[in-house]
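In what follows, a single structure is set out as structure tokens and then discussed.
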Amino acid sequence: MAKIRGSIVVNVERCKGCEVCMVTCPTGTIEMAKEVNGKGYNYAFPANPELCIGCANCAMVCPDGVITVYKTKI
Amino acid sequence: MVEFSGIKEIIKPGNLVYKKTNIMTENSLSYCPGCGHGTAHRILAEIIGEEGLQSETIGVSPVGCSVFMYNYLDIDWQEAAHGRAPAVATAIKRLLPEKFVFTYQGDGDLAAIGTAETIHACNRGENILIIFINNGIYGMTGGQMAPTTLPGMKSSTSPYGRDVKTMGFPLKITDIVASLPGSYYVTRQSVHTAANVKKTKKAIRKSFQYQKLNKGTCLIEIVSNCPSGWKMTPVQSNKWMEENMFPYYPLGDLKTPEE
Ligand SMILES: Cc1ncc(C[n+]2csc(CCOP(=O)(O)OP(=O)(O)O)c2C)c(N)n1
Ligand code: SF4
Ligand code: SF4
Ligand code: SF4
Ligand SMILES: [Mg+2]
């Protein structure tokens, strides 16, 4: 059976670490990095990439528009 | 869990489902982390892009945290003095009636210093869209009480909470606008969840369509957060907004056209 798989790309240097995407993600794909970006923010990253379904909820609520979303059937 | 090693294979142009619209410029937003202003900007930009109106749209930016909005959307702009955006938009729309004209204003801008401009533009039925970001506070200047601040809500000028006996009641200016014959479509939305983002986008798209048909003033209130002014984390502020702002400012349409 075909399975929906998604993947996100976070523009790390533009992320402000607000965590809004993380709490919105229905699958627990996103976590905040222990490391900080150039602005000093703990940035969002797909800690559990295999869980992503490409729903784009994270990208829709990101105030800084830093998330790009891809989706495919495999 | 199924082992999956093909993440790289998913990331290719044919599989793209969401990318920041190129109506947004490459400038970094000046907003605090998690501030709804950024989301509101982006979805407005998305509609302008999707409807192909980049060269047809003129925005009027306010005074408030979004004072630099003209740096963020790649369209034509006019900056207005504090609260005067509806008056400026009136002039632009009357001189260039074929253009799509909107204002973007905070609650301090629209419901305090600009109350007269708001009410009279809507009462005249000016054929413009007003986007009203209600975060219940003067964000830009350090979190002072606004007309929209909730009863009991703390701000830098109501440190013990807004006491309605001496400070008055929160002004539901959107309800007032809905009662005016000149307003055509008036709605209250939010942008803190994906579902709400979709609804607000729909409201913006409809407003552009109504403007094309010369229907009169459309006003979209977006109840939003101010994590810095409210002294909360962004995630806490969105929760607080749901629990405290939405009961006072319920989401939904206040005035819909009779189709
Ligand atoms: C004529 C005038 N009066 C007062 C100010 C100070 N001032 C700047 S922004 C602002 C209020 C901003 O609050 P709001 O419109 O709610 O926008 P926010 O920052 O919350 O998005 C005030 C009072 C000003 N710039 N000009
Ligand atoms: S696209 Fe959906 S599932 Fe994937 S990270 Fe974003 S919110 Fe989570
Ligand atoms: S919502 Fe955007 S800015 Fe906030 S943490 Fe997620 S990616 Fe970063
Ligand atoms: S002060 Fe408030 S409204 Fe202004 S950018 Fe910061 S969070 Fe947003
Ligand atoms: Mg405000």
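Key figures for this structure:
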item: Count of residues meeting criterion [over 18 Å from B:LEU73 (Cα atoms) and more than 7 Å from chain A (Cβ to nearest Cβ)] in the stretch B:13-31; result: 2
item: Pick from the stretch B:139-150, criterion in contact (Cβ under 8 Å) with a residue 40 or more places away in the chain and not aliphatic (A, V, I, L, M), ranking: farthest from ligand 2 (Cβ to nearest atom); result: B:PRO147
item: Matching residues, the stretch B:190-199, being buried (at least 24 other Cβ atoms within 10 Å of the Cβ) and either among the acidic types (Asp, Glu) or touching a Leu at 6+ places or on another chain (Cβ under 9 Å) (or both); result: B:SER190
item: Contacts under 9 angstrom Cβ, first residue in the stretch A:45-57 being at positive phi, partner of a type in the set (Ser, Thr, Tyr) and more than 16 Å from ligand 4 (Cβ to nearest atom), 6 or more apart; result: A:GLY54/A:SER7; A:GLY54/A:TYR70; A:GLY54/A:THR72; A:GLY54/B:TYR18; A:ALA56/B:TYR18
item: Looking only at the stretch B:157-183, and only at residues there that are touching a residue at least 60 places away in the same chain (Cβ under 8 Å) and out of contact with any helix residue (DSSP H, G or I) (no Cβ under 6 Å at 6 or more places or on another chain), the one that is nearest to ligand 3 (Cβ to nearest atom); result: B:THR174
item: Single residue of the stretch B:44-69 satisfying the filter (under 15 Å from B:ILE131 (Cα atoms), more than 14 Å from every other protein chain (Cβ to nearest Cβ) and of a type in the set (Ser, Thr, Tyr)) that is nearest to ligand 3 (Cβ to nearest atom); result: B:SER61
item: Condition broken by B:PHE102, with the remaining ones in (1) within 16 Å of ligand 5 (Cβ to nearest atom); (2) within 19 Å of B:SER224 (Cβ to Cβ); (3) out of contact with any Cys (no Cβ under 6 Å at 6 or more places or on another chain) satisfied; result: (1)
item: Any hit, the stretch B:228-242, residues being within 16 Å of ligand 3 (Cβ to nearest atom), under 30 Å from B:GLU56 (Cα atoms) and of a type in the set (Ser, Thr, Tyr); result: no
item: Subset of the stretch B:84-98 (residues that are of a type outside the set (A, V, I, L, M), under 20 Å from the mean Cα position of the chain (by Cα) and away from ligand 1 (no atom under 13 Å from the Cβ)); result: B:PRO86, B:THR90, B:LYS93
item: Candidate set: the stretch B:99-148, residues that are within 17 Å of B:LEU171 (Cβ to Cβ) and touching a Lys or Arg at 6+ places or on another chain (Cβ under 7 Å); chosen: the one nearest to ligand 1 (Cβ to nearest atom); result: B:GLY114
item: Elements of type strands (runs of 3 or more DSSP E) contained in the stretch B:35-110, each with 3 or more residues being touching a residue at least 24 places away in the same chain (Cβ under 8 Å) and either surrounded by 24 or more Cβ atoms within 10 Å (Cβ to Cβ) or small (Gly, Ala, Ser) (or both); result: B:57-61, B:100-106
item: Single residue of B:SER179, B:SER207, B:SER183, B:SER158 found to be away from every other protein chain (no Cβ under 14 Å), closer than 30 Å to A:LYS16 by Cβ, more than 16 Å from ligand 5 (Cβ to nearest atom) and of a type in the set (Ser, Thr, Tyr); result: B:SER207
item: Residue match in the stretch B:149-162 (condition: of a type in the set (D, E, K, R), farther than 19 Å from B:LEU44 by Cβ and at pLDDT 95 or above); result: yes
item: Among the candidates B:ILE137, B:ILE130, residue that is surrounded by 24 or more Cβ atoms within 10 Å (Cβ to Cβ) and closer than 17 Å to B:CYS218 by Cα; result: B:ILE130
item: Unmet criterion (only one of (1) under 17 Å from B:LYS172 (Cα atoms); (2) not in a helix (DSSP H, G or I)) for B:MET245; result: (2)
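For (1) modelled with pLDDT under 95; (2) surrounded by fewer than 15 Cβ atoms within 10 Å (Cβ to Cβ); (3) not small (Gly, Ala, Ser), each residue gets a yes or a no:
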{"site": "A:CYS18", "(1), (2), (3)": "no, no, yes"}
{"site": "A:THR24", "(1), (2), (3)": "no, no, yes"}
{"site": "A:GLU35", "(1), (2), (3)": "no, yes, yes"}
{"site": "A:TYR41", "(1), (2), (3)": "no, no, yes"}
{"site": "A:ALA47", "(1), (2), (3)": "no, yes, no"}
{"site": "A:ALA56", "(1), (2), (3)": "no, no, no"}
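The values are calculated or read from the model by the stated rules, or taken from the named source; none is laboratory data. The structure displayed is predicted, hence computed values, not measured ones. All Cβ positions, even for glycine, are placed from backbone atoms using ideal geometry, and neighbour counts span all protein chains on display.
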